[in-house]
Amino acid sequence: MRLSNGKRQADDRDRNAQHDRCLHRPVSARGARAAGGRPRRVLTLAPDAQGTISYQIPTFRLAGTYLLYFAGWKQYVSVYPVPSGPADYEAAVAPYRKAKGTLQFKHAEPLPLDVIAMVTRARLRELGLRPAARE
């Protein structure tokens, strides 16, 4: 789509392609092992979630709102927003929590898919939705 100033604006087709590239291709060679489990784990719990790009990063959208954002950086992958929860949940996410509402997973370490599943479940509860499946 062309704007009045002649510049091109991304349309949904461009955003979907960008989302697929971000979620399904590793962000670095070291992140190759980590990249495969991210989208599948979220989609197992929220199969109706749609992938999109928001704030120029891959996002899962569900029930008219944003479920989770994934951002790939040079040294790590970030997941947000991360809601607070009971003590056992907080203990599980604590090693990865770098700021309020943000988790960071280093590429050099295996991606803790169980923590991502816990965060997805917590976020679904926060939105008043139920996970589709238990793992």
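Read the figures in this text as sums done on the coordinates, not as results from a lab. Because the structure is predicted, anything quoted here is derived from the model rather than measured. No Cβ is skipped: glycine too gets one built from the backbone with ideal geometry, and neighbour counts run over all protein chains shown.
A compact table of results
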quantity	calculated
Contour minus Cα-Cα distance for THR52 and ARG125 (0.36 nm per residue)	24.2 nm
Per-residue ³J(HN,Hα) for region 111-127, Karplus 6.51 cos²θ - 1.76 cosθ + 1.60, θ = phi - 60°, Hz, x for Gly and Pro	6, x, 4, 5, 5, 4, 5, 4, 5, 4, 4, 4, 5, 4, 4, 4, 8
Global geometry of region 62-101, whether rounded, prolate or oblate, following the gyration tensor of its Cα atoms and the 1.5 cut on a/c	oblate
Amide H within-cut-off set for HIS107, under 5 Å, with H built and near neighbours excluded	TYR76, VAL77
Shape of region 50-126, Cα gyration tensor, a/c cut at 1.5	oblate
Likely footprinting exposure, THR120, THR102, fewest C-beta neighbours within 10 Å first	THR102, THR120
Long-range HN-HN contacts of THR102 with modeled amide H, under 5 Å	VAL82
Sequence of ILE53, ILE116 once ranked by neighbouring C-beta atoms within 10 Å, starting from the fewest	ILE53, ILE116
Likely footprinting exposure, SER84, SER78, fewest C-beta neighbours within 10 Å first	SER84, SER78
